[in-house]
Amino acid sequence: MKAVKTPIKNLNNLRIELLEKELMDISYKIKTDDYYGYIPIKDEKNIYNDLEIVDIDLKKVKLFPKNFTELLDDKLNENDLEKLKTSFDIIGDIVILEIPKNLENKKIAIGEAALEFTKRKSVYMKKSPIEGKTRVRKIEFLAGINNPITIHKEHKNRLKLDVSKVYFSPRLATERLKIAEDVKDNEEILDMFCGIGPFPIIIASKKKVKVTAVDINKIAIGYLKENIELNKLKGEITPINQDINNLNINKKFNRIIMNLPGTSYEFLDLAIDLIENNGIINYYEFSSDYTQGINRIDKAASKKNKKVEILSTRKVKSNSPRVWHIAIDARVLD
Ligand SMILES: C[S@@+](CC[C@H](N)C(=O)[O-])C[C@H]1O[C@@H](n2cnc3c(N)ncnc32)[C@H](O)[C@@H]1O
């Protein structure tokens, strides 16, 4: 089938652009190799001339909600089926569903249908938003085996976690690959909010780097330690269970990753203190535009008489209507 071939670093922006212009064929999966991504397209005539179009085999996407609601045909009426706008997150063997309030009385039937359809081991439903300092959501067991511990595979790496006790989003996989591609061998990296360590693991599996990985959640750091053992890494990772505000470290970093999108701006002063001249801050926040984030980085840098060069900006994923999880890559200069 026809696909646009693009370097990994442009994949996410181009995916969003083609999606927004309704040029992407969402019935097929995007494929990646070490250097390029291949985005399925509907009609090559509408694709701009400067993009490379190739013929490639891509896998069909399983259209979850459609087939899934078909499984529930005899249990829910048409009205209920219409309201069941379920969002699936699949983490390893576990499916996490969002079930509308008015369908909670049918949650077990929905959970069992999800189990049958996805062929995973366990189904849970979201019981709260992502909340608190450790950014964990409450979940409720619905079907299968009640075991919230699983191993999720991402870019050939294994990430072990307990979905009820730590933060993890499979939807950041493309972003993590992009950062890992940008990283150069020998960088000293600080991940200020590492969780179970997906950024450090994906980066260290590809590059010979030293990553200091900090998280306030003791359980997340426990899993990061296991994940270091589970994967074949070229780089070194030092896990630290601490509030980043209390990090007592006497060195500067070539790169700082700040994926705490709700409040990462509160830690920009610290990041500016810890970044090496010419180092890069990978900054994330929830926003409808890039201006607010760029201004925040500029303000923190100018307080220390440093300058900022914005290297790139992108939408990572949609958070709520008109609000995106955005990324800003900023070089900081003395
Ligand atoms: C949104 S999660 C991101 C985790 C990880 N980077 C990922 O992509 O999966 C943010 C993480 O920041 C941690 N956190 C929140 N406040 C912190 C602080 N003051 N110091 C260190 N870690 C913190 C939380 O425990 C959580 O694991």
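The values are calculated or read from the model by the stated rules, or taken from the named source; none is laboratory data. This is a predicted model, so every value here is computed, not measured. Positions of Cβ are backbone-derived with ideal geometry, glycine not excepted, and every protein chain shown enters the neighbour counts.
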TODO: Name the single residue, out of those in the stretch 288-307 being of a type outside the set (D, E, K, R), at pLDDT 95 or above and part of a loop (DSSP other than H, G, I, E, B), that is nearest to the chain's Cα centre (by Cα).
DONE: Tyr290
Open item on the list: Give me the residue from the stretch 122-139 that is aliphatic (A, V, I, L, M) and in contact with a strand residue (DSSP E or B) (Cβ under 6 Å, 6 or more places away or on another chain) and, out of that set, surrounded by the most Cβ atoms within 10 Å (Cβ to Cβ).
Closed with: Val123
Open item on the list: From the list Leu190, Leu142, exactly one residue is at pLDDT 95 or above, within 16 Å of the ligand (Cβ to nearest atom) and buried (at least 18 other Cβ atoms within 10 Å of the Cβ). Which is it?
Closed with: Leu190
TODO: Being more than 18 Å from Leu159 (Cβ to Cβ), part of a helix (DSSP H, G or I) and touching a helix residue (DSSP H, G or I) at 6+ places or on another chain (Cβ under 9 Å) is the filter; apply it to the stretch 197-250 and report the residue that is nearest to the ligand (Cβ to nearest atom).
DONE: Ile244
TODO: Out of Ile96, Ile53, Ile39, report the one residue that is surrounded by 11 or more Cβ atoms within 10 Å (Cβ to Cβ), farther than 14 Å from Val4 by Cα, among the β-branched types (Val, Ile, Thr) and modelled with pLDDT of 90 or more.
DONE: Ile96
Open item on the list: Step by step: first the residues of the stretch 1-36, then only those that are β-branched (Val, Ile, Thr) and in a loop (DSSP other than H, G, I, E, B), then the one that is surrounded by the fewest Cβ atoms within 10 Å (Cβ to Cβ). Which residue is that?
Closed with: Ile26
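Condition check ((1) part of a loop (DSSP other than H, G, I, E, B); (2) in contact with a strand residue (DSSP E or B) (Cβ under 8 Å, 6 or more places away or on another chain); (3) assigned by TED's automatic domain parsing to the domain that holds Asp34) across all residues:
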residue	(1), (2), (3)
Asn102	no, no, no
Asn105	no, no, no
Ile110	no, yes, no
Ala114	no, yes, no
Arg120	yes, yes, no
Leu142	no, yes, no
Lys153	no, yes, no
Leu161	no, yes, no
Ser164	yes, yes, no
Open item on the list: Can you say whether Ile91 is touching a helix residue (DSSP H, G or I) at 6+ places or on another chain (Cβ under 8 Å), touching a residue at least 60 places away in the same chain (Cβ under 8 Å) and outside the structural domain of Phe193 (by TED's automatic domain parsing), as far as the supplied structure shows?
Closed with: yes
